[in-house]
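Data first, discussion second: the structure below is written as structure tokens.
Derivation of every value follows stated rules applied to the coordinates shown; laboratory data play no part. Here the structure is a predicted model, which means the values were calculated and not measured. Cβ placement follows ideal geometry from the backbone for every residue including glycine, while neighbour counts extend to all protein chains displayed.
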Amino acid sequence: MKANEIVTVLNHFNWSKYRRVLIDGTWGIGKTRYVSEFEKDQSHVSYVSLFGKKDIDSIIQEIYFQIIEKAPLGMYKKSYRVLREKFKNVTFRYQGFTISVPLIEDLHKSLNKELGSKGTYIIIFDDLERKHHNLKITEILGLLDSLSKIENIKTVLIAATDQLKGKDKTTFIDYKEKSIDRTYKIDDYADNAPVDILGKQIWEVIGETAKNFDFKNLRTFEKTYMFIKEVIQILGKDIFTDKFTRDDLYRMCFASVFFNIEHKNEMRLLDTEKKDSDLRNADLRNAVYKGSDSGVIAYLYEYILKKNMDNVMSKNVFHHIKNWYVTGTYSRDDILSVIASINSFEEKPGNFYSSEKEILKMIEHTKAYILHLNGTEKVDDIINHLSIAFFWCEALSVDFGMSNEGVLKNIKGNVSNRIELEKSQYQNEVDIFFHSESKKVGELTRAINDTIKMEYQKQLIQKIKDCYIEKTYQVRYLRELTDLVNSIYDQSNRTYILRSLNEHQYFFPIPSGNINENFWFWCIQIKLLVSAIEARWGVENYSNDFKEYLFKLDEIEEDRLLKYRLKTLFER
């Protein structure tokens, strides 16, 4: 049954012989929405959510006050204080004895008498699975049974029984047959629900993608809609062009929400898509296990969106969108900068319909562009230019005339200007999955990333040196270097780092006299860095040499507090 049929079921319930019915369906399928549609503006229906309810008393009170609120204006003039006093006389019993709810029965009779009506009054109980653990399932079922024995009162229980756990689940199964006359199973959301939530424009873009996956949670669409509106409100509507399209933004927002909510940030489809190579799957998994955003984005692009985007360059915005949804943090300036580079990118006449002369001219133009870089151009833009040129060089069997080494030599300034030490080394790298369509471009991107890593590490060492000399002791830079030790394989980089440590006395400030917390944490982190280098680079006796250097300092013998601090440091 589809969720929208709930309204029909409840309308029929008015005159049916059933007195206690269950509407069962998984979370987010639309049960509450259509129950609310039925209940709205109807004086003969009360709706009670069991969410967080700890006892029957609070439920009884809510029913009582709802009946009063829905009664004709001025019909009940007793104060809430008096009504609450009456609740003290209410007693509840179940299994082997009965539940007495005289107040509700009297109130209902009084209402019918006043209105001259014998019509059915329906009480709907929602969110069974979200009740407080102190409230027993038997109490709820007993209340429903007791209420339904009152003349002209019927009860509806709304639940996602698949969410009941442990004793609650067992108890519900045991007593369901005695307590429920009829069960309606909601196994699909209404056909028009996604359109109603997202609007026709958004649904037309993501509809086919969504239909590829078997999920019933309408909240995924609701969260997608809200996220899209948030992103557009922050970034503005003027960002969209024929290069960075509104549709691509819709797709990236949906994929980010879907992956987070439906797949719990797990790459589940890698095990089901056997047509892709095992190596490709392994690359994606490894990227994610290493904390790589690129692996996740490649997965979202290839497996969720099925490579369906208007402009492949828009993938450069994808990790910003995904992280925005997951963490709630974003840099508007960074995102707008990437979008601006996409919108300003001028693809030289090198497409399928161009003449050979035009294509050759474009290739030469790209080469000249690389030779005359001024260091301010974005590395991703440079790679995009080269991607197009390399493609047509291969198609026409033309030599580009510049090796990867030549390209790397010319983009040194651009790489240097790209480095942001406030970000991790990984965040500074070019996303290899965005440039993997061509083998040659992939190789160049990897080489550029190697250059970025070396430059990042050199700038990181220089920053650590500055902190040491200026005595600012910003420990985060030391932590970053320590974390990188295990992934630094280039011998020249290792030599550079070791030489820097040697030339600056391990960057270790002597902890004598009055010091602060940052100072001491810096000392601890230097010791961790030295230990990591010895263990992971195989530098024999490096930690021992560091320790001997410190304890041979002249001031050690004269400063008992310093000696104690060093002893504490090496006993950690």
Can you pull the percent of Cα pairs in segment 19-58 with separation above 16 Å? 51
Counting sequence-distant residues (5 or more places) and residues on other chains, those with an amide H built under 5 Å from that of residue 190 are 3, 4
Checked segment 507-552 with the C-alpha gyration tensor, a ≥ b ≥ c its square-rooted eigenvalues, rounded below a/c of 1.5, otherwise prolate if a/b is larger than b/c and oblate if not; verdict oblate
Per residue of segment 389-398, in order, report the coupling 6.51 cos²θ - 1.76 cosθ + 1.60 (Karplus, θ = phi - 60°) as ³J(HN,Hα) in whole Hz, putting x for Gly and Pro. 5, 4, 4, 6, 4, 5, 5, 9, 6, 10
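Distance cut-off 25 Å, Cα to Cα: go down the list 17/167; 176/223; 131/216; 2/229; 412/458 and report the pairs above it.
Listed pairs above 25 Å: 17/167; 176/223; 2/229.
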Considering the Cα trace of segment 356-453, what is its radius of gyration and what is Dmax, both in angstroms? 13.5, 46
Over the residues of segment 424-511, compute the C-alpha Rg and express it relative to 2.2 N^0.38 Å. 1.27
In whole Hz, with x marking every Gly and Pro, tabulate ³J(HN,Hα) for segment 306-320 from phi via Karplus 6.51 cos²θ - 1.76 cosθ + 1.60, θ = phi - 60°. 6, 6, 8, 9, 5, 9, 4, 5, 5, 4, 5, 8, 4, 5, 5
So if each residue of separation counts as 0.36 nm, and I subtract the Cα-Cα distance between residue 242 and residue 422, what length gain in nm does that give? 61.4 nm
When a footprinting reagent is the concern and you count Cβ atoms within 10 Å, what order do 402, 252, 226, 313 take, fewest first? 226, 402, 313, 252
Residue-ordered couplings for segment 136-150, obtained by feeding phi - 60° into the Karplus form 6.51 cos²θ - 1.76 cosθ + 1.60 and rounding to whole Hz (Gly and Pro as x), are 7, 4, 4, 5, 5, 5, x, 5, 4, 5, 5, 5, 6, 7, 6
Going by amide H atoms built from the backbone, whose H comes under 5 Å of the H on residue 241, apart from near neighbours? 246
Relative to 2.2 N^0.38 Å, what does the C-alpha radius of gyration of segment 352-397 come to as a ratio? Two decimals please. 1.19
Using modelled backbone amide H atoms (1.01 Å from N, in-plane), which distant-in-sequence or interchain residues come within less than 5 Å of residue 158's amide H? 23, 125, 126, 127, 128
Likely footprinting exposure, 487, 49, fewest C-beta neighbours within 10 Å first: 487, 49
